[in-house]
Amino acid sequence: MTTQEKLEKIVKILDQKKAEDIKVIGITKLSIIADYFVIATGTSSTQVKALADEIEFQLGNEGEEPRGIEGVRTANWIVLDYLDIVVHVFYKETRGEYQLEHLWADGEQVDISGLLTT
């Protein structure tokens, strides 16, 4: 699976599972840690966990396993590291505290409007 295919699948999964405020930031020119950050919000810790679980499940079916997963116990901020893509699923208040979009404001804001159904 190419990075682009994986990115599109992640965004579609988040959208189908009703994640809010999905953003994709291209960070290739800023960092070596990944090519993209995907940031999304869940309305409860239960939804945050469900969103992360669904990404892991569906990508796992495609043979893509995360290198690491952090934050599952508290489910306020779950990070799935797929090497080229790092997915951040936040609980609303936690996302506001960390403001990753502002920290990575120099990154490329990727237009995902064509992937969203809502």
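The values are calculated or read from the model by the stated rules, or taken from the named source; none is laboratory data. This structure is a prediction, so every number in the text was calculated from the model and none was measured. Backbone-built Cβ (ideal geometry, glycine too); neighbour counts: all protein chains shown.
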Per the filter on the range 57-86, residues of a type outside the set (F, W, Y), closer than 24 Å to V110 by Cβ and crowded, with 18+ Cβ neighbours inside 10 Å are L59, E64, P66, G71, I78, L80, I85, V86
- Is the range 87-95 home to any residue that is closer than 17 Å to D111 by Cα, surrounded by 15 or more Cβ atoms within 10 Å (Cβ to Cβ) and either acidic (D, E) or at pLDDT 95 or above (or both)? yes
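Quick check on the range 96-110: of everything there that is charged (D, E, K, R) and surrounded by 10 or more Cβ atoms within 10 Å (Cβ to Cβ), which residue is modelled with the highest pLDDT? Can you show your working first?
At the first step, the residues of the range 96-110 found to be charged (D, E, K, R) are 97, 101, 106, 108.
Then keep just the ones that are surrounded by 10 or more Cβ atoms within 10 Å (Cβ to Cβ); that gives 97, 101, 108.
Numbers: E97: 91, E101: 89, E108: 94.
The extreme case among them is E108.
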Counting only residues that are in contact with a helix residue (DSSP H, G or I) (Cβ under 8 Å, 6 or more places away or on another chain) and over 16 Å from L80 (Cα atoms), the range 22-49 contains a total of 1
Query raised in the report: For R95, are the conditions met, namely being of a type in the set (K, R) and free of Cβ contacts under 8 Å to residues at least 12 places away in the same chain?
Result: no
Result of the Cβ filter at 6 Å on the range 1-20, keeping first residues that are under 26 Å from T46 (Cβ atoms) and partners that are among the small types (G, A, S) and not in a loop (DSSP other than H, G, I, E, B), at least 6 apart or interchain, is L14/A40; A19/A40
